[in-house]
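Chemist: Please read through the structure below; I'll follow up with questions.
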Amino acid sequence: MTDPTTALVRFHEGNPRTGPMTWGQRAIWEVIRWLPADDDSLNQLGWAPVDSGTVAQVCDMVRLLVERHESLRTTYAEHEGGLVQHVAASGEIEFLIDELEPGDLAQAIAPLGERIRAGAFDNTAGLPVRAAIGLRAGAPAVVAIAASHLAVDGWSFQIVMDELRTVLAAGPDGTPHLRDRSQQPVDRAGFEASEAGARREKRTLDYWARQTNVVPASMLAITSGPEQLDRDWAHIDSPALALAAHALAERGGGNTATALLGSTALLLATFLGEPEAALRVIVATRFKPEDEELVGAFNQNAIVRLQLAEESAEQFLTRTARTALNAYRHTETCPVRMEEQLEEIARRRGITPGGYCFFNDLRFSAEERNAPAPAIDPMKLPAQLEEALARTSLTSPDSEGRQSGAKFFLFLDGLRDSCALTLCTDPRFLPVSAGEFLQELELVMVRAAQNPDTPVDELVDRVRRLPQGTRHD
């Protein structure tokens, strides 16, 4: 790649605004503050092809989005009175512009995309978005955008990218059909400070208190020191898991993520010898019409507590769907207040808190959200699952990623023809490695899909009989 040229494009929209941080912004602020100062692992990156337009016209299309969404021009600060967000009314967007190598567009834009993604954002002073334009024969061919996680969560970054694709498709002379602007983060902060916001927060805190007062100590207790550097990582790419998740979702009345969530909780409780498991699920938190298209750091945690019972796999997953939906309704609260309450409850129970189990569905793109489920023939399914098992890929990523307060973190990276899961565990928490856990999760879900009437006890009987730490094919 050559040395890119740089263009500065000025934006201007409305007046400056200042308000307290929202609960969602506060959650990411705490994570970023915990990470090393130069950490850029949370930066978001996306790209979209350009059909027509000059460099100046494409820059204007990106400028439109920065003016449209206040979070893309917001900085953050800690004052004596608390944490605040400052929305800039004007400023400059820097674009890197470079001629791309020939070949596949995704591969060609990757080096330029990485150039704008790499490096921590200065969330206290700099613009939380970077942009690049890749050229072919001197004409714009693709736009890449990188954004700070304080400006967007995974869901809202896809809103931005979907809008960018709409604007680019309309072209410089067209009229893009964008939805009415949603509530802005400063307005959301106003709701959170209101009486209605306080009532919603109390409902959430009360729900979390009821759950954490009774969950097994293993779900709350810390297992290692604060550095958490010795994590075990594994990644599975499994067509069988994808097929099983679709089949179980169809039978259990939930969706594929719920089928994976319930199966994970079932396996986690079994390996730990507990009567139940509690997973913290990262939730998009967009439940009201005014929040649906909100662009900003808005994600919050739900606590999904699932008890084992004498029932079939199908019954268990049906109950998982109901439990998860109820948990998702109780997510909106100041994360610091929630953590303080959780720690107080744990200590009152004689538990040293700080180690939690997480499930995070990372599928936010429109393509992923709208992917049709495969047609499933129950008569052919058992044989299809057996055949698909032979195509599983299990690897051990070399990752230095760290998750504050997590001893078990399962990422659902993708689920279409194959299911991609990444697991990070504290080796002192589970009696098996991260890779072994993923292998057992695959087998449990395949067996459940082959026979949804199987009692849960029978489904996990093999796991109970496995010698601790025994590796298997």
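We did not get these values from a lab; they are worked out from the coordinates using the rules stated. Remember, predicted model here, so these are calculated numbers, not experimental data. Cβ sites come from the backbone with ideal geometry, for glycine too, and all protein chains shown count toward neighbours.
Chemist: Using each residue's phi in the range 381-387, evaluate 6.51 cos²θ - 1.76 cosθ + 1.60 at θ = phi - 60° and report the 3J(HN,Hα) Karplus result to the nearest Hz, with x for Gly and Pro.
Modeler: Each residue's phi maps through the Karplus curve to give 4, x, 5, 5, 5, 4, 5 Hz.
Chemist: Please state the relative contact order of the range 217-465 as a whole percent: Cα pairs under 8 Å, 6+ residues apart?
Modeler: 38 percent
Chemist: Going 7 Å from the Cα of Glu340 along its beta-carbon direction, which residues of the range 192-223 have the amide nitrogen within less than 16 Å of the resulting point?
Modeler: 193, 198, 201-202, 205-206, 209
Chemist: Hey, another quick one. Under a Cβ-Cβ cut-off of 11 Å, what is the net charge of the residues other than Ala302 that fall near it, where Lys and Arg count +1 and Asp and Glu count -1?
Modeler: After counting each charged neighbour, the total is +2.
Chemist: Could you pull out every one of the lysines with an alpha carbon less than 25 Å from that of Lys202, ignoring same-chain neighbours closer than 8 positions?
Modeler: Partners found: Lys288.
Chemist: Further, regarding this structure: Note the full-extension length gain between Gln315 and Asn213 as 0.36 nm times their separation in residues minus their Cα-Cα distance, in nm to one decimal.
Modeler: The Gln315-Asn213 span can extend by a further 34.1 nm.
Chemist: Determine the relative contact order of the chain: mean sequence separation of Cα pairs under 8 Å and six or more apart, normalised by residue count, in whole percent.
Modeler: Answer for the chain is 20 percent.
Chemist: Explain nothing, just the number: relative contact order of the range 51-170, from Cα pairs under 8 Å at least 6 residues apart, as a whole percent.
Modeler: Values: 165 pairs, mean separation 35.7, N = 120.
Worked out over the range 51-170, it gives 30 percent.
Chemist: Contour minus end-to-end for Ala56 and Asp206, with contour as 0.36 nm per residue of separation and end-to-end as the Cα-Cα distance?
Modeler: Contour length minus Cα-Cα distance gives 48.7 nm.
Chemist: Of [x] 26.0, 114; [y] 21.7, 70; [z] 23.3, 67, which one was derived for Rg and Dmax of the Cα atoms in Å from the structure shown?
Modeler: Given [x] 26.0, 114; [y] 21.7, 70; [z] 23.3, 67, the structure-derived one carries the label [z].
Chemist: Next up: With label points built 7 Å along Cα→Cβ from the Cα atoms of Ala196 and Thr5, find their separation and express it in nm.
Modeler: Modelled inter-label distance: 5.1 nm.
Chemist: Mind jotting down the distance between the C-alpha centroids of the range 300-328 and the range 84-112, whole Å?
Modeler: The range 84-112 and the range 300-328 have Cα centres spaced 42 Å from each other.
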